[in-house]
Amino acid sequence: MRAVVYEKPFTVAVRDVDDPRIDHPNDAIVRVTSSAICGADLHMYEGRTAARPGIVFGHENMGIIEETGSGVTSLSKGDRVVVPFNVACGFCKNCLAGYTGFCLTVNPGFAGGAYGYVAMGPYTGGQAERLRVPFADFNCLKLPEGDEFETDFVLLADIFPTGYHGCELAQVSPGESVVVYGAGPVGLMAAYSALLRGAAKVFSVDRVPERLAKADEIGAVAIDFTKGDPAEQIKDRTGGEGTDKGVDAVGYQARSRDAGHEEPAVVLNELVDTVRPTGMLGVPGLYVPSDPGAPDEHAKHGQLLLSIGRMFEKGQWIGTGQCNVKRYNRQLRDMIIARRAKPSFVVSYELPLDQAPSAYEKFDQRIEGYTKVVLHPALAA
């Protein structure tokens, strides 16, 4: 089959790789209809991880069941499904508690597994024509037949639940004010989710005009951090108090206000400044224990200079960690079906698999509106 394969930093190619096969009775093979490129993929693409050449990318996947193992009971050939980026067993201590992003079974020695991502287990990615899904009964979420809501449903694999997870970590409630740092796909999903949860006012902080325009379109207040301290801009709009809640949708590759260099802790510290005393911070933005491309020795080992004293003084709470997709994807699916949510407003391009190398390059450079790209393996080039 054809698949998007990592070759070296800033280079991917579409290559022929082995077809997936049923390795366990609980496996299913999915014919991929849509697979999105994620900002997290860029960490590997840019050489900021230990990813080795040959890894097949892609953890935002959906498609049609082609084959099931003998132990699969709830799925049949022809079922349309979306697959969480978390690979989870469904029966370990963490899965039973709902923490499917931290499964203790699928990646021995590490809490959590994922498709097509370095150190997240042996699971081939889905930017390909087919995908093997382990523990398929647990991991596949059934969708209505046909092709309606295709670009909405594929976002259930990661960014829509992840944005919602950021709001859950911050315990966003109706009537509250919320700041979301970052207006990329996850940040826009977090702002959108805050509005879905009934927030009275949502601020979206970024520097890219087209992203800020998208935030404005959904009803958020766009804050351009190049025009002044974002915390001060927001305090001016909240009677000097700051917001009730805050979400970091940027992560460890955050940049200084002039965008001239990386400051891995800058968003965390801006959140501490922006959120009022006793407010809550949700951090779904990715932070890593090892970053070979970090700007200093401490950051290379995941050690960041956080204003913990100021945070303590303000009595703030913080929640972190990757999204447990299954905790949210069923409800969010039903909101899409009921036309109460349409997350696909973030999708900027739908492309055939063969155009993935160009799409990665443009997405990495943030040019030509490449904010969220969905690849369709069956689409003609």
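The values are calculated or read from the model by the stated rules, or taken from the named source; none is laboratory data. This is a predicted model, so every value here is computed, not measured. Neighbour counts are summed over all protein chains in view; Cβ atoms, including those assigned to glycine, are modelled from backbone coordinates with ideal geometry. Surface areas here come from the heavy atoms of the whole protein model, side chains and all, with no ligands, DNA or RNA. Shrake-Rupley method; radii C 1.70, N 1.55, O 1.52, S 1.80 Å.
What the table shows:
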read-out	value
Under 17 Å from residue 8, Cα to Cα: lysines that are on another chain or at least 8 residues apart	362
Net charge of neighbours whose Cβ lies under 10 Å from the Cβ of residue 254, counting Lys and Arg as +1 and Asp and Glu as -1	-3
Loop sites in the stretch 71-167: chymotrypsin sites (Phe, Trp or Tyr not before Pro), DSSP, at most 14 other Cβ within 10 Å	91, 110
Percent RCO, i.e. relative contact order, over the stretch 87-184, from Cα pairs under 8 Å lying at least 6 residues apart	15
Eligible aspartates and glutamates near residue 326 by straight Cα distance, threshold 17 Å, same-chain separation 8 or greater	60, 137, 152, 158, 168, 334
Pairs of Cα atoms farther than 13 Å apart, the stretch 306-360, %	77
Per residue, in Å², the accessible surface of the chain once ligands and nucleic acids are set aside, probe 1.4 Å	42
Segment residue 355-residue 23, length gained on full extension (0.36 nm per residue, minus Cα span)	116.5 nm
Computed E for residue 7/residue 241 - FRET, C-beta separation, R0 51 angstrom, nearest 0.05	0.50
Accessible-area composition of the stretch 109-152, carbon plus sulfur, in percent [1.4 Å probe]	53
Amide H partners (placed H, <5 Å) of residue 375, local residues excluded	35, 36, 37, 351
Local electrostatic count, residue 341, Cβ distance below 10 Å [Lys/Arg +1, Asp/Glu -1]	+2
Within the stretch 127-212, GluC sites (Glu not before Pro) in DSSP loop having at most 15 other beta-carbon neighbours inside 10 Å	145, 148
Cα Rg, Dmax (largest Cα-Cα span) when computed across the chain, Å	20.0, 62
23 Å Cα-Cα reach of residue 201 towards lysines, excluding residues that sit fewer than 8 places from it in its own chain	214, 227, 235, 245, 314, 342
Over the chain: helical MRE at 222 nm, DSSP H runs n ≥ 4 each giving -39500 (n - 2.57), nearest 500	-6500 deg cm²/dmol
Accessible-area composition of the stretch 57-105, carbon plus sulfur, in percent [1.4 Å probe]	53
Of all accessible heavy-atom area on the stretch 170-320, the percent that carbon and sulfur account for (1.4 Å)	52
Contact order relative to length of the stretch 236-327, as percent, for alpha carbon pairs under 8 angstrom and 6 or more apart	30
